[in-house]
Amino acid sequence: MQKRMITTFEEAENYINETPRFTTKNSMEDTKAFLAKLGNPDTEFRIIHVAGTNGKGSVCAYMRSVLETAGYKVAVFTSPHLVDIRERFVIQGEMITKEEFLGAFLQIYDGLDWEAEKFYHPTYFEFLFFIAMLVFAGRKPDFCILETGLGGRLDATNSVARKEVSVITRIGLDHVQYLGDTMEQIAGEKAGIMQAGAPVVYWDTGVETSTVFKNKAEELGIIFHPVSKEDYQFLSFHNKSIDFSLHTRYYKYVSLTLNTIAVYQMENAALAVRALEVMDEGKTITAEQIQKGISGCFWAGRMEEVLPEVYVDGAHNEDGIRAFLETVALDGHVGTRALLFGVVRDKDYEAMVKELAVSGCFERVAIAHLQTDRGVETDKLSKLFADCFDCQYEFYENAADALRALLESRGNRERIYVAGSLYLVGEIKELLKNDKF
C-alpha cells in the first residue's frame, strides 16, 4: 500500500470510505497498541460504553441529554451516520468540524509505518474510532459515550483502558455471520464490553441472554443491574409524545415524557436513566434534570417526523421491525397507513417482510431499491412480497421515486412510514436536506 498526499476533509473521507467496513484482520492487541501510539487519548475523559443489537444510539442520546442538562460536557461516538460522516462525532450536541476531522485523520495517517513490508492499518471503523478519541481528547469533555460498531468483545471501542459503566441494550439475532447464530453466542460477544471495576446495566431480553450477562459479571466481580418492562409503566399518548412512569433506584417513581411516538423508546430511556443512576449514585444528577433531559432528547431517524405525517424509522432487523410495528399499532392514527420499505441483503429480510405482512398495519407498500451494492435485488423481493402481502404494493428504482409516488397519491388521512434500513433513512433525509420534496 502506497501513501497518498491527503490535504482536504473530502480526500480523508474518501480514503476511509475505501477501507473495508467489516474485517477481522486486526487483533485487539494491535488496536490497543496503536491507541497507545496515539498517546492513549481515551484516558482524558470518563467513558460510558454501550453495546447491544437494537437501541444503542437511542440510549446514548438519552444519556447525553441528561448529562448535559446536569451541566456536564459530553462527547458521543455513534454509528452509523445518516447523511454526514461527522454525525458520528458529537460534542455538546454539535458535530465536529471538518478541520478537526482532517487534523485527527492526518495524525493517524502519518503515524502509520508506511515503510514496513507488513504494517498495522486501521479498518474503516477503527479509523473513525481513533479520530473520535483524538478530537475528543483535544476538546476535554467530562464524559465520552461510546457506541460499539459491531459486537463488543472485539470491537475497536473495547480497546479503551477504563470505563465508568457498561450498558447492553436489547439482544437479537443480527450480524449472525460475525457474532454467532444463537442468542447466547451473540450475548457472549456483547458481554465482552464488561470490565472489572465498572458495573454493567443490561436489558433483560430473556433468560438465555441474561444468564450470560450475569455469569460474566460474576466472573469479573462487578455489580450487574438488569432492567425490564417491570421497571416502567406506560401512562398515555399526548400530542405525539409519550408519558410514562419509571421506577428508579434513587428517586423512586419519576414521571417522564418522551417527545416521540416510538413506544420502544421507553425501554431505551429506562436503560439510560438506570445506567446514569448506577454511575452517579444520586450524587450530582437530580430527578428534575432527568425529566428535562429525557423530554428534551432528539435522536434522528428513530420514528422521526420528517414531513407532515411522514415518519422515518431505523428498524433494520427482525426485532427492530417488531418494535416498529408495536408503535405503528398503537399510534392512534385515524385513517390509512402506507409504508416505504427498503432493505439490505445481509439482514434477515424474509423474516422482516413476513412480520410486516402479518401485522396488517398498511394498506399499501412502496418498495425501493437502495442505492448501495448491499441492496436486495428487486426480483427476490418481488417473489417474497407476492407470497406474503395481500395489500397493494409497487416497486421503485430508488427511494426518491417511491416517496414521490406515495406523496402524490396519498389520501387526505394517510400516514406514511419509512422503515427497513438505516441506508433508506439516510437516503430520505439526504433528499429532504437537498429540498427534493
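The values are calculated or read from the model by the stated rules, or taken from the named source; none is laboratory data. Computed from a predicted structure; not experimentally measured. Virtual Cβ from ideal backbone geometry, glycine too; neighbours counted across all protein chains shown.
Scanning region 293-318 for residues that are crowded, with 18+ Cβ neighbours inside 10 Å and not in a loop (DSSP other than H, G, I, E, B) returns Gly293, Ile294, Glu304, Val306, Val310, Tyr311, Val312, Glu318.
Here is a yes/no grid of residues against (1) closer than 13 Å to Leu340 by Cβ; (2) touching a Leu at 6+ places or on another chain (Cβ under 7 Å); (3) not assigned by TED's automatic domain parsing to the domain that holds Asn54:
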position	(1), (2), (3)
Val376	no, no, yes
Cys388	no, no, yes
Cys391	no, no, yes
Arg404	yes, no, yes
Arg413	no, no, yes
Gly426	no, yes, yes
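Has region 403-420 got at least one residue that is farther than 21 Å from Ala323 by Cα, aliphatic (A, V, I, L, M), touching a helix residue (DSSP H, G or I) at 6+ places or on another chain (Cβ under 7 Å) and in a helix (DSSP H, G or I)? Checked region 403-420: at least one residue is farther than 21 Å from Ala323 by Cα, aliphatic (A, V, I, L, M), touching a helix residue (DSSP H, G or I) at 6+ places or on another chain (Cβ under 7 Å) and in a helix (DSSP H, G or I). As a summary of the residue check, Gly221 satisfies the conditions (1) surrounded by fewer than 18 Cβ atoms within 10 Å (Cβ to Cβ); (2) over 24 Å from Ile186 (Cα atoms); (3) not basic (Lys, Arg) except for the one numbered (2). Under the condition of being aromatic (Phe, Trp, Tyr) and touching a strand residue (DSSP E or B) at 6+ places or on another chain (Cβ under 6 Å), the residues counted in region 32-71 number 1.
The residues on offer are Gly52, Gly71, Gly57, Gly39, and the sole one that is at positive phi, surrounded by 16 or more Cβ atoms within 10 Å (Cβ to Cβ) and of a type outside the set (A, V, I, L, M, F, W, C) is Gly52.
Thr372 fulfils the conditions (1) modelled with pLDDT under 90; (2) crowded, with 18+ Cβ neighbours inside 10 Å except for a single criterion, (2).
Scanning region 343-362 for residues that are part of a helix (DSSP H, G or I), β-branched (Val, Ile, Thr) and over 16 Å from Lys383 (Cβ atoms) yields a total of 1. A single member of Tyr264, Tyr253 is touching a residue at least 60 places away in the same chain (Cβ under 8 Å), farther than 26 Å from Arg46 by Cα and among the aromatic types (Phe, Trp, Tyr), and it is Tyr264.
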